[in-house]
Amino acid sequence: MKKNEKKRIMILVVVAIVIIAILFFLKNRIKTNQLENQPNSNVPPQEQIPEEFVEVLGDGKKKNISQKLTQTKTFQNYQFSNIQLVGEEGQTFMTADVKNIGNTKLEKVHVDITILDKEEKEILTIEGIIDPIEPNQTVKLNAAGSIDFVDAYDFSIQIKEN
């Protein structure tokens, strides 16, 4: 055999080995992807603990339905009504109508909203701002937390110390 023929044969052998290796790799990768996409019948489905005070809405959001949390509350000259906790993607948003039931204008205040569980123990405290309110007027309170606390039972509120 000539030197050129030996080179050609070697190149063909190397190319064939590379092609076989690529095909083998692709076959294993496709097989792995198929196995990952199939449900594993040996693993029981993850049990979800029902949340006592939560209703799951059609769009996947969670809404608090605790009667204690949503009832109208009075704190000093503030009356809180239309209280809602809604959870979405691990975050919880609190909204409420806040009415000035006093005879004088209430200035803007920062408040601590303590979220409570059924045993009246603190889950967490979030901050909120109540804008100035004229007597007999209503403003909206908006507060949020970056964790899911939709299953709260109640809340308490305090004016934040400066």
Inset, instruction - List the lysines whose Cα lies under 22 Å from the Cα of Lys2, skipping any in the same chain that are fewer than 8 positions away. - result: none
Inset, instruction - Could you work out how far apart the two model spin labels at Val109 and Leu23 are, taking each label as a point 7 Å from the Cα in the direction of the beta carbon, and quote it in nm? - result: 7.9
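Determine the alpha carbon to alpha carbon distance for each of Lys61/Lys140; Lys68/Lys140; Lys73/Lys160; Lys68/Lys121; Lys68/Lys99; Lys118/Lys140 and list only those over 23 Å.
Cα-Cα > 23 Å for Lys118/Lys140; rest within.
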Inset, instruction - Can you tell me the relative contact order of region 68-162? Whole percent, Cα pairs under 8 Å, sequence separation 6 or more. - result: 32
Inset, instruction - Kindly rank 125-135, 6-16 from highest to lowest mean number of other beta carbons found within 10 Å of each residue. - result: 125-135, 6-16
Inset, instruction - Would you work out which of Thr125, Gly102, Gly58 lies farthest towards the positive end of the dipole of region 54-159? Charges go on Cβ: Lys and Arg +1, Asp and Glu -1. - result: Gly102
Inset, instruction - Report the label-to-label distance for Lys140 and Gln67 in nanometres (one decimal), using points 7 Å from each Cα along the Cα→Cβ vector. - result: 2.9
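Where a number appears in this text, it was derived from the coordinates with a stated rule and is not lab data. Predicted model, so just to flag it, every value in this text is computed and none were measured. FYI the Cβ positions are ideal-geometry reconstructions off the backbone, even for glycines, and counts take in every protein chain you see.
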